[in-house]
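What follows is a short report on a single structure.
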Amino acid sequence: MPGPHPITLYPALLAAIAAVVVGFAAIWSNPQRPINRFFFSASLHVALWLGCLYQAVTDLTHGLFWLRMTSAVGALIILQLWLVKETVSGRHESLAGRLWSSRWWTLATALIAGICFTDWFIPGRITHSVAEKQIYGLGYYVFIVGLVVLYGLLTQETVRQMRAQKGVARLELQVLMLGGAVTASAVVLLMAMRALLALPVLIRLQPLVILAFYTATVVAITTHRIFDARQIIKVGLQKIALVTIVAGAAYVGDLVLGLVLPEPFAFIVTTALALWFATALHGWISPMFQFYAQDSAVRQAAYAVSRREVRVDNLEQAFLTVLKGWGHTDHALVISGAAGPLRGGGVELPENSPVLQTLRAIRWATPERLAREKATPERLELGRFLAAHSLGVVVVGEGPTLTVLVGVGVAASRQPFTYPQVTQLMELASIIENALERAHFSLKAQRAEQLATVGLLGASLAHEIRNPLVSIKAFVQLLPQHYQDPVFRDKFFRLIGDEVTRIDRLTEQLLDLASPRVYAAQLIELHPVLRSTLELVAAKSVDKRIPFLLDLQATPDRVYTDASAAKQVLLNLCFNAIQALEGQPGERWVKLSTRNVPRGVEVQLEDSGPGIAPEIRPRLFQPFQSTKSSGFGLGLAICSDILAGLDATISVDPAQPGRGATFRIVFPCQA
């Protein structure tokens with residue numbers, strides 16, 4: 001007896017093994033889920049069909065018998081699809097209810113399967129083989145028509161139930177209808193073509209078709225990644241269009257180049273041009289098949305927020321607005337933290353929270369994913385967290401120092417978030433994490449720079465405070481001898497009041513500058529702020545013999561800014577000017593002037609120092625740019641961030657020979 005044909009031996013057998021593996025994977029992922037159990041039984045059914053097909057192809061003695069068995073078992077797959085559809089739709093809670101609802105489908109598929117065991121199906125002797133040219137009876141075509149009718153009715157019923165469903169059940173029915181319809185259509189088409197064209201080789205394609213579409217359907221419904229059937233179709237059409245166009249262009253190009261170039265060179269040039277054309281075509285064709293058209297807009301909005309805002313609270317509020325628009329919901333959540341609990345939006349998650357630990361392990365979660373995967377205490381806790389905060393999806397983003405948890409509420413359409421949407425949200429979470437981490441770093445740097453300025457001021461003010469204390473001490477020592485002198489007493493009381501008021505004002509300004517605060521713009525008069533700033537710098541300027549000149553011409557001088565923030569920025573610039581003038585020969589001075597400009601008041605601070613080197617000027621307001629031997633070069637970058645948060649601007653004039661540095665700050669006059 002001749003052995004099995006080497007070409008026909010493997011496809012059906014390997015496909016049967018693969019179907020069993022797919023079934024075990026579905027039941028292993030979540031054995032408690034009814035749809036997974038039904039897919040397990042369906043996988044065994046498909047494996048049985050493929051095993052019969054393998055026997056029909058390889059058994060030369062009983063080929064016809066196995067062909068009848070293959071057709072009968074294949075007909076009963078419709079019943080499996082019906083039961084899967086009933087399970088997905090959730091119309092019947094119990095297995096008995098689902099089986100009772102399928103009684104007419106059981107009868108119909110049994111009748112069609114019964115046709116396969118009659119001579120009306122395929123007349124012939126029992127030794128008739130699939131590999132031979134067969135004679136088909138009328139029953140064979142009745143069998144095909146019956147399958148087409150049943151698949152049509154199944155599709156119609158699936159569409160009807162799909163319209164009544166919402167959420168994940170609707171998406172699963174879409175995928176089931178798509179996968180089942182494509183698989184059945186392909187198999188029936190191959191059977192019809194085999195009968196009409198008398199090509200036995202077509203039957204060998206059935207295992208591959210069945211396995212491909214069946215596996216895709218099982219994965220799409222049982223995996224934790226949820227897909228939309230429409231997107232699957234669009235992605236498929238995109239790939240088919242791309243491959244078809246590029247292959248056609250390569251074929252034509254090879255023919256043309258073959259006329260003018262030797263064959264090896266023509267092939268190389270054609271390959272290079274085809275790769276280039278595929279890349280260009282993909283960039284052009286992708287927007288046509290883009291399923292979520294708002295991707296680029298949301299990404300650009302997130303980048304715009306990260307560039308525009310510098311304060312943590314403003315960033316969080318702006319990102320919440322972006323997330324709500326992206327998810328078509330009225331609720332979103334952004335919580336963040338470094339080495340400790342995560343806080344935000346009235347929610348606090350401890351570092352050792354099961355919710356946070358589980359999210360760090362799985363990176364993202366939706367209620368549908370948690371329902372599809374095996375239940376654990378930690379995942380049940382995560383599910384309760386999603387339900388408590390009405391979240392449809394949550395992702396976690398981790399940076400070097402910051403952890404950010406981003407959640408989006410259930411969409412208004414009640415549709416679940418699909419896996420492509422989850423990947424988009426993970427990208428947004430990465431943008432949010434980077435922006436918040438930069439904002440936190442900027443806040444810490446501002447605080448460090450603020451404390452450094454306070455330390456420098458403290459040393460400078462020690463001398464300024466000591467002078468009035470010496471005067472007070474001298475008058476107190478003379479008081480017993482001159483207490484009866486009314487002129488002395490009057491002078492004493494006036495001096496004590498003035499000096500104590502001066503000390504109190506200096507210490508109050510120092511404490512106000514040192515206290516951590518969130519800057520908030522309000523309507524203030526700018527000139528008093530400038531004068532109080534120069535009082536803090538006076539001791540240092542006198543000690544270094546560097547006079548400060550005032551030219552306050554702005555009228556009016558009312559601006560919208562934060563007085564403490566403006567004072568910190570001006571102090572930084574003043575101390576920078578003093579340090580730049582130290583050791584410089586010739587005349588030394590610093591000039592502070594104001595003038596009115598359109599929509600604001602400009603403060604100009606100019607010195608007679610050496611100026612700013614041209615190579616440093618383009619990066620002057622970036623971190624770690626400094627010409628000093630000490631320090632980190634954060635001062636001007638922090639000043640720029642503070643002013644940006646108050647809608648003010650800072651700039652430096654281009655270098656000019658014989659002129660020092662000139663900084664210009666424009667404070668807005670409107671809120």
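The table that follows gives values for the structure above.
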quantity: Cα-based equivalent ellipsoid, segment 237-289: semi-axes from gyration tensor eigenvalues, Å; calculated: 25, 10, 7
quantity: Sorted peptide list for 68-74, 11-17, 250-256, criterion being average Cβ within 10 angstrom, highest first; calculated: 68-74, 11-17, 250-256
quantity: Computed FRET value (nearest 0.05) for Tyr303 with Ile472, which takes r as the C-beta separation and R₀ as 60 Å; calculated: 0.50
quantity: Sequence ranges 78-85, 299-306, 54-61, ranked by mean other-Cβ count within 10 angstrom, highest first; calculated: 78-85, 54-61, 299-306
quantity: Range of Cα positions in segment 519-671 per principal axis (Å), largest first; calculated: 42, 30, 26
quantity: Phi to ³J(HN,Hα) by Karplus 6.51 cos²θ - 1.76 cosθ + 1.60 over segment 254-263, Hz, x for Gly, Pro; calculated: 5, 5, 5, 5, x, 7, 10, 10, x, 4
quantity: Mean Cα-pair separation over length for segment 237-289, i.e. relative contact order, pairs under 8 Å, 6 or more apart, %; calculated: 51
quantity: Nonlocal amide H pairs with Gly600, under 5 Å, H built at 1.01 Å; calculated: Cys669
quantity: Extension gain, Gln584 back to Asp59 (0.36 nm per residue minus Cα-Cα distance, nm); calculated: 178.7 nm
quantity: Order of Ile115, Ile616 - criterion: other Cβ atoms within 10 Å of each residue's Cβ, fewest first; calculated: Ile616, Ile115
quantity: Estimated FRET transfer efficiency (Gln156, Phe277; beta-carbon r; R0 51 Å; 0.05); calculated: 0.75
quantity: At R0 = 41 Å, FRET efficiency that the Cβ-Cβ distance of Thr321 and Ser101 yields, to 0.05; calculated: 0.30
quantity: Restraint check, Lys85/Lys324; Lys85/Lys374; Lys491/Lys540; Lys324/Lys567, Cα-Cα greater than 32 Å; calculated: Lys85/Lys324; Lys324/Lys567
quantity: Proxy reagent accessibility, fewest Cβ within 10 Å first, across Ile77, Ile432; calculated: Ile77, Ile432
quantity: Cut-off 15 Å, label 7 Å out along Cα→Cβ of Val21, residues of segment 45-72 by amide N; calculated: 47
quantity: Estimated inter-spin distance, Arg617 and Arg363, nm [label 7 Å along Cα→Cβ]; calculated: 4.7
quantity: Ser651 versus Phe493: modelled label distance in nm, points set 7 Å from Cα along the beta carbon direction; calculated: 5.6
quantity: Sequence ranges 585-594, 482-491, ranked by mean other-Cβ count within 10 angstrom, highest first; calculated: 585-594, 482-491
quantity: Loop-located trypsin sites (Lys or Arg not before Pro) in segment 335-412 whose Cβ has at most 16 other Cβ within 10 Å (DSSP); calculated: Arg363, Lys374
quantity: Pair Leu255, Arg659: separation of 7 Å Cα→Cβ label points (nm); calculated: 7.1
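Values in this text are rule-based calculations from the coordinates and carry no lab data. Everything numeric in this text was worked out from a predicted model, so none of it was measured. When we count neighbours, we look across all protein chains shown, and the Cβ atoms used for this are built from the backbone with ideal geometry, even at glycine.
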